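Have a look at the structure below, then the notes.
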Amino acid sequence: MQVWYIALVIIALDQGSKWLIQQGMTLHESIPVIPGFFHITYILNRGAAFGILENQRWLFLIMAILLFVLYAVFRKKLPEHRAVQAGAGMLLGGAFGNALDRFLHGAVVDFFDFRIWPVFNIADIGIVVGVCLLLWYSWTHISE
């Protein structure tokens, strides 16, 4: 159950932040927070990380559905370790947040812009941190 709570928190933060960006900014507008280093920039991403596989909306939606199906099938076999529960929740929440954007808008709203990295959002943070937690657990508990 902890997985679903974490997923819901990620979804709420992600969708709430995207709503605020869409309501308060125009597409491609950029607000410097730390000029030259960190900006809030409203873009629509029709691809995956770094814009790869652009306009493959249905592929990404199928991948998100598959992720949820795999979790449903294997959830009882997952360790009760905090890193696994948090990682799975963050991964599922992030995947759902971006899938919801793709389903409703055909693209993902991104806005964190560090200028040296592609623009991203809270769902992306959830996915990356979730995967890192799951990998960390796997690497540190592989022999158990």
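The stretch between Ile31 and Ile142 holds 35.5 nm of extra length on full extension. This uses 0.36 nm per residue minus the Cα-Cα distance. Placing dummy labels 7 Å off each Cα toward the beta-carbon, the span from Leu20 to Lys76 is 4.1 nm. Here's how it looks for Glu29: its modeled amide H is under 5 Å from those of Tyr42, which are all 5 or more places away or on a different chain. Our coupling estimate for the range 34-42, obtained by passing each phi through the Karplus curve with A = 6.51, B = -1.76, C = 1.60 and θ = phi - 60°, is 10, x, x, 10, 9, 10, 9, 10, 8 Hz, Gly and Pro reported as x.
Relative contact order for the range 56-122: 30 percent, from Cα pairs under 8 Å spaced at least 6 residues apart, divided by residue count. Charges were assigned to the Cβ only: +1 to each Lys and Arg, -1 to each Asp and Glu. The resulting dipole of the range 1-122 about its Cα centre is roughly 420 debye. Structural descriptor for the chain: relative contact order 34 percent, calculated from alpha carbon pairs under 8 angstrom and at least 6 residues apart. Between Gln2 and His105, the modelled label-to-label distance comes to 3.3 nm, taking each label 7 Å out from Cα in the direction of the beta carbon. Of His105, His39, the sequence from fewest to most neighbouring Cβ atoms within 10 angstrom is His105, His39. Calculated [222 nm] ellipticity per residue, helices only, for the chain: -20000 deg cm²/dmol; basis is -39500 (n - 2.57) per DSSP H run with n ≥ 4, divided by all residues, nearest 500.
Placing dummy labels 7 Å off each Cα toward the beta-carbon, the span from Leu59 to Leu44 is 2.0 nm. Under the classification rounded if a/c is under 1.5, otherwise prolate if a/b is larger than b/c and oblate if not, where does the chain fall, given a ≥ b ≥ c as square roots of the Cα gyration tensor eigenvalues? Prolate shape, in that a/c is at least 1.5 and a/b is the bigger ratio.
Where a number appears in this text, it was derived from the coordinates with a stated rule and is not lab data. Everything quoted here is computed from the prediction, not taken from an experiment. Counting neighbours? That spans all protein chains shown, and the Cβs are built from the backbone with ideal geometry, glycine included.
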